[in-house]
Structure formats: structure tokens, C-alpha cells
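S.K.: Pasting a structure here, questions to come.
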Amino acid sequence: MFGELEVHEEGPLVVINGTAFQRGRASGAGCNCLIDTLRQHLGIPADLPDVRRRLRMLFQVEPTIVTASNFLDFRAHAPAIIRIIANAVRRGADPMDTSIFRLVCVDLDRLEHGDCVGTGDVTLYIAREDGNHFIPLHEV
């Protein structure tokens, strides 16, 4: 699925299939940059350590184990992060259908590489830089 995307850089912008994106910023504190990146895209306030704590309860077995401060894996952990953040604000209400999302992650170190998760109609674009740091991409 990722191979279907055309990705290149134009100065400071990342261009994906003809659409320009500006690089955002995400906190790397506690290796929570993927959580912070997805939180920003959802526009929902979330306590990053609490989301990580919930992930630790869900992912207790290798190779997807989540510890107090390990790097998170886009493919394995991003869908769960979306569910945790989206439904934290809906306590007592019906859970949000997170299958509406398609997540696209561009590797800024190797533009021909990246990954996609999900098949929903709402696409969230993020990037990985420096090997393991995730940041949001904002459409210009």
C-alpha cells in the first residue's frame, strides 16, 4: 500500500501524492512521540504517560511489548493509541469507531520507505525521522 504513494521533499515541505505537508513537532519525553503525534492529529487532550500505561497493559508480550520507556512501533501500536485517546474522552458513551482512520507514516530518512495502517476514509499523515522519532505532518 505504501508503494502506491509518491513522496518527495520540496525544501522544508514533504509532498505526498502532490499534497504539501509541513513538519510538526512532537515531544520525545519518555519515548512518547508517537502518542503525542497521534494526539495532536486527533485534537484530543491526552496525558501521554497515562496512554503509555494503558499500552503497557495491552502489550505485555514480545515482540510488541511496551515498557515504561521503550520505542513504540508504528504498525503494532498506532491503532491502539488511536483507540485509547479517542475513547478516553467518551467515558460512558459509545466508543468511537476508530476503523474510520488510515494512518500513513513516511520515513524521512528514506523517502521511498514508510508504512500504512488501516483502510478508513480519514487519513492521518505522520513521519518518522532520525530512525525512531515520530512527528505529525500538517497539510499546507
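S.K.: Out of the stretch 23-56, which residues are out of contact with any helix residue (DSSP H, G or I) (no Cβ under 6 Å at 6 or more places or on another chain) and among the small types (Gly, Ala, Ser)?
M.R.: Gly24, Gly28, Ala29, Gly30, Gly43
S.K.: Evaluate the stretch 49-58: report whether one residue or more is farther than 24 Å from His138 by Cβ, assigned to a loop (DSSP other than H, G, I, E, B) and modelled with pLDDT of 95 or more.
M.R.: No.
S.K.: Of these, Asp107, Asp36, which one is of a type in the set (Asp, Glu), surrounded by 15 or more Cβ atoms within 10 Å (Cβ to Cβ), modelled with pLDDT under 95 and within 27 Å of Glu139 (Cβ to Cβ)?
M.R.: On the way: Asp36 fails: modelled with pLDDT under 95.
Step by step, each of Asp107, Asp36 is checked, and only Asp107 is of a type in the set (Asp, Glu), surrounded by 15 or more Cβ atoms within 10 Å (Cβ to Cβ), modelled with pLDDT under 95 and within 27 Å of Glu139 (Cβ to Cβ).
S.K.: Another question, if that's okay. Can you find, within the stretch 58-91, the residue that is surrounded by the fewest Cβ atoms within 10 Å (Cβ to Cβ) among those that are without any contact (Cβ under 8 Å) to a residue 24 or more places away in the chain and within 20 Å of Gly114 (Cα to Cα)? I'd like the intermediate steps shown before the answer.
M.R.: Here is the first cut: in the stretch 58-91, the residues without any contact (Cβ under 8 Å) to a residue 24 or more places away in the chain are 58-67, 73, 76, 83, 87, 90-91.
Going one step further and asking which of them are within 20 Å of Gly114 (Cα to Cα), we end up with 63-64, 73, 76.
On the way: Pro63: 7, Thr64: 15, Asp73: 15, Ala76: 15.
Selected residue: Pro63.
S.K.: Return a yes/no flag: does the stretch 9-21 have any residue that is among the charged types (D, E, K, R), in a helix (DSSP H, G or I) and touching a strand residue (DSSP E or B) at 6+ places or on another chain (Cβ under 9 Å). It would help to see each step written out before you state the result.
M.R.: In the first step, residues of the stretch 9-21 are kept if they are among the charged types (D, E, K, R); the result is 9-10.
Going one step further and asking which of them are in a helix (DSSP H, G or I), we end up with none.
No, the stretch 9-21 has no match at all.
The values are calculated or read from the model by the stated rules, or taken from the named source; none is laboratory data. Just so it is clear, the model here is predicted, and its values are computed rather than measured. Heads up, the Cβs are rebuilt from the backbone with ideal geometry, glycines too, and the neighbour counts pull from every protein chain shown.
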